[in-house]
Amino acid sequence: MRFHSSSLVQLFIIWSCIVVCGKVNCHGVTFYVQNKCSFPIWPAVAPNSGLPVLASGGFYLPCGDTRRIDVPWGWSGRIWARTGCDFTSNWNQACETGDCDGRLECNGLIGKPPATLIQIAVQADKSKLNFYDVSLVDGYNLPVAVNSKPISSKCTILGCHKDLKTTCPDELQVLNEEGRVVACKSACLAFDNDRFCCRNAERFERSEDYANIQSYLNKDSSSRAKNLRANTIKGSKSVVLSLDDHEEITDEFRGVKVWWQSKTHQIESRSNPYQPKTEESRFYILKCHIRDRKVITNEYIDHVKEEGKKMELKKRERKLYSNNPSHSWSGYKQTKWSHVTFEHPATFETLAMDNKMKEDIKNDLTKFRNSQDYYKKIGKAWKRGYLLYGPPGTGKSTMVAAIANFLDYDIYDLELTTVKDNTELKRLLIETAGKSIIVIEDIDCSLDLTGQRKQKNEEEEDEDEISMIEKQMKKGQGEDKGSQVTLSGLLNFIDGLWSACGGERIIVFTTNFIDKLDPALIRKGRMDKHIEMSYCGFEAFKVLAKNYLNVEDDDLFQEIKRLLEIEEIKMTPADVGENLLMKKENEAKEICLTRLIDALKEEKEEPKRRIEVDEKKKKEEEEIKRKKREEKKMKKEEKGGPPVISKVKSRGGWFK
């Protein structure tokens, strides 16, 4: 909305609860902020860069009260209301909504969204229109109305009078400690998505086709175009070079020559001081001979989009996600998944595994990636399950990273113990994207999903009982509370109706003890491929030797081969790698290989030592139990109790 600076007006801004009004004078405009809410609020004022802070940036406004703010000419900024504030606490966030670093007087700080905003610009040049509006770009926390007195034909009443908290979707709600909805997030704040946030390097939302075509043309534009544009695109690994405006390059497809040209178009926008006066849109023009039109429309354009999409995926910055606890889903800028950049260097080339097995896995992954139409034809969701099992240190996590790098997929690391129930598990699944790997590591330890393990309720007679006070303390600390995710819920997550949401996913389970898992969880169709990650063999050792020492053959290899294959000494790839790791600068490879040989020989003797230790420990435990029985017997005799009668079993039966 706009109003002329030369007219005598008062601007009222009302949070249905609140009104702000402005009056023009020779020095500027006077605003009156009125609280019509049934509860107190804490209005805040933040100027645009380089402008003075008004009303100390924030103040307390009880129900029904009005506060005057004098605004100089040339001032622009925003006003919003904070709710549920307590400035006596030591918390950094003093207010439930609109908080500015826990301060009463914001001193120019921007409030924490979501909050309903009033944006204002008072022009120093009186020939220009002033501006005000009510914006939900940062979300919503209170109903607001703005009106002017006297009413001007150019300044109509503006505002958001409806209480949107009552109709706010679950995904956008912000709850306070009491579980009451206190604000409604914007889609940008809730999902942090470029589409909802209207952000990218070119300030407008690029269509998917435009992005794919741009990626396709960029592959040759650096060598064929005279002028290039360099952009830093969010989520891209590096600077993106593209055709400059009005540049033209040629392409050829099946003997057909085409011409691509980059164009721009300027669009006038409304006179809003918070937006540029013109917006720029970009597009491509494709030219071809009329005789080739059929080939271009039927084949070439689809080819360009498909190849461009592949290039987009290769240059994007891949991510490693972890699920947040559900109590954080409704907080400020909280989502169900948080992420970091995925930078694990593992590849199949560096993976310590038999080459034949590696090739088999790579072929299976390639077949899956290229089988979208096949999965659709047979009526199955486009997903595949992998079960990685084996002792600790055999490279299960490294295998997951190698698969992600091979396919250029993101990884979702799902921690089941933080998932409250089956419903939350489904909501997490919906939030995952395609071209991703969903990993549940050590699934045999995550939850009681094995179908075989049972809690032991009986205790040993000689063990001390836990007091009721200790039990209550443990219960109060939350030890008795855990995830309510069931085996049935997890099975539906893997291959139920919800598993078809999205596409091109790989689900990976890892476990150290495959025999503990419920057969229903790992049957074919759920975990399609079972991969045993075993102890290090000679082929795996050679891969590690090349990785760590850059050596492919040595006289010591034969001794290592004898220990691994003939002596059948079991050592994990992690332990082999630790022994091959250079401990000093420029350490000789022979020293590292000799260290490994010594470690393998020690490992050979380890079972004997382990048996001796176990036997010694068993004897000590038996001796402790015997002493406890004697102590109990002596105590009963001292108290004059009945003698302890022992039963002895003979061939014919029991006798005392």
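A few remarks follow.
- Distant-in-sequence amide H partners of residue 71 (H built 1.01 Å from N, under 5 Å): 29, 30, 31
- Residue 550-residue 629 FRET efficiency (beta carbon distance; Förster radius 51 Å; 0.05 resolution): 0.25
- Zone residues, the range 304-322, relative to residue 254, backbone N less than 13 Å from point 7 Å out along Cα-to-Cβ: 304
- Length released on extending from residue 178 to residue 291, taking residue separation times 0.36 nm less the Cα-Cα span: 33.7 nm
- Amide H contacts under 5 Å for residue 159: 146, restricted to partners 5 or more places along the chain or on a different chain, H placed in the peptide plane at 1.01 Å from N.
- Length added when fully stretched, residue 587-residue 487, from 0.36 nm per residue minus Cα-Cα: 30.9 nm
- A Förster radius of 56 Å combined with the Cβ-Cβ distance from residue 86 to residue 408 puts the calculated FRET efficiency at roughly 0.70.
- If you wrap the tightest convex hull around every Cα atom of the range 538-604 and split its volume per residue, you get 73 Å³.
- Across the range 76-82, coupling constants 3J(HN,Hα) worked out from phi with the 6.51/-1.76/1.60 Karplus curve, θ = phi - 60°, read 9, x, 9, 10, 8, 10, 9 Hz, and Gly and Pro carry x.
- Mean Cβ count within 10 Å, highest first, over the residues of peptides 98-105, 253-260: 98-105, 253-260
Any read-out appearing in this document is the output of simple, stated calculations on the displayed coordinates, not a laboratory observation. Given the structure is predicted, the values throughout are model-derived calculations rather than measurements. When we count neighbours, we look across all protein chains shown, and the Cβ atoms used for this are built from the backbone with ideal geometry, even at glycine.
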